[in-house]
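To keep things clear, I will list the structure first and then write my remarks on it.
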Amino acid sequence: MNPFRGAFVAIVTPFIDGQLDEQGLKDLIEFQIASGTHGIVPCGTTGESATMSHQEHHRVVELTIATVAGRVPVLAGTGSNSTSETIELTKHAKAAGADGALVITPYYNKPSQEGLYQHFKSVAEAVDIPIILYNVPSRTSIDLTAATVARCAQVDNIVGIKEATADMNRACDVISRCPADFAVLSGDDFTAMSLVLLGGTGVISVTSNVNPKGMADLMNAALAGDVARARAIQYKLFPLMGAMFYDTNPVPAKKALELMGKIKSGAPRQPLWHMGSDALTRMTAVLEAQGLI
């Protein structure tokens, strides 16, 4: 069975005065595993990978793998808008012991569909590690079409996709074109339940940062076909899912974790900035209503 199932947390990277808070990251990982999270994704968008040096990126991946110690899968974010850089980061993830690599579509360059296919194929051929594609057009300006995903799925070690289009028509198209063991993970918390019920395998979640048990329970119910329970959890978590996007991700998640006492500082790295007072007031009210603070 494909190991990329359930609620994987797109874990934040805590910083103190701009430097990696290693103990804070280890504490967050322990909180996640104790709460039933099915997998850890370091150095994704939510982890602010775009602002990390290669040395920091390597350290976060290494520290995550060492802390997890095989208890759940680690899917390391290794993508870039440079194929050679992506290969380097993916080679490091494999050497460090990651269970897979999450590889985003190259942003800014705007390659063609053929260029996207050749990019992912080159990475997969260069590094023998399970690869999960990552499609998030709202951030990259590039959309990996279902037809291209299906081509990529024929490459031996490309084993799934994080589909962050919030489009169920697209999700169905991808699932219908790809092999039965190809993991299709939601990149949007709102759509995770629906995607699983349509044949998807789980979610790579922002909300899991602050309520890992809730998101794990949601995915467990959906994967078991317990629609009534999954629906009840979905609507309980729905306000929290929205609150995580009162500002640009991961600003709200990091501030929420600070308010919850899970990290010392929720400060993001520039160019991201602290939450405005109105958004913070609204998010705090949601956290209080959910019993998180």
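Here are a few things to note about the model shown:
- Residues of segment 184-200 satisfying the condition of being surrounded by fewer than 23 Cβ atoms within 10 Å (Cβ to Cβ) and over 18 Å from TYR235 (Cα atoms): LEU198, GLY199
- All positions within segment 81-126 that are under 21 Å from the mean Cα position of the chain (by Cα), outside any helix (DSSP H, G or I) and under 19 Å from GLU163 (Cβ atoms): GLY100, ALA101, LEU102, VAL103, ILE104, THR105, PRO106, TYR107
- Positions within segment 128-161 being basic (Lys, Arg) and touching a Lys or Arg at 6+ places or on another chain (Cβ under 6 Å), in sequence order: none
- Residues (assigned to a helix (DSSP H, G or I) and surrounded by 18 or more Cβ atoms within 10 Å (Cβ to Cβ)) located in segment 271-293: LEU280, MET283, VAL286, LEU287
- Reported count of residues in segment 23-49, each being in contact with a Pro (Cβ under 9 Å, 6 or more places away or on another chain) and either part of a loop (DSSP other than H, G, I, E, B) or among the small types (Gly, Ala, Ser) (or both), is 12.
- Checked against (1) under 15 Å from the mean Cα position of the chain (by Cα); (2) closer than 23 Å to VAL159 by Cα, GLU48 meets all criteria but (2).
- Elements of type helices (runs of 4 or more DSSP H) contained in segment 163-229, each with 1 or more residues being touching a His at 6+ places or on another chain (Cβ under 7 Å) and within 26 Å of VAL12 (Cα to Cα): 212-223
- Within segment 237-270, considering residues that are surrounded by fewer than 18 Cβ atoms within 10 Å (Cβ to Cβ) and touching a residue at least 40 places away in the same chain (Cβ under 8 Å), the one nearest to the chain's Cα centre (by Cα): GLY242
Read the figures in this text as sums done on the coordinates, not as results from a lab. As the structure is a computational prediction, the values presented were derived from the model and not from experiment. Note that each Cβ is placed from the backbone with ideal geometry, even for glycine, and that neighbours are counted across all protein chains shown.
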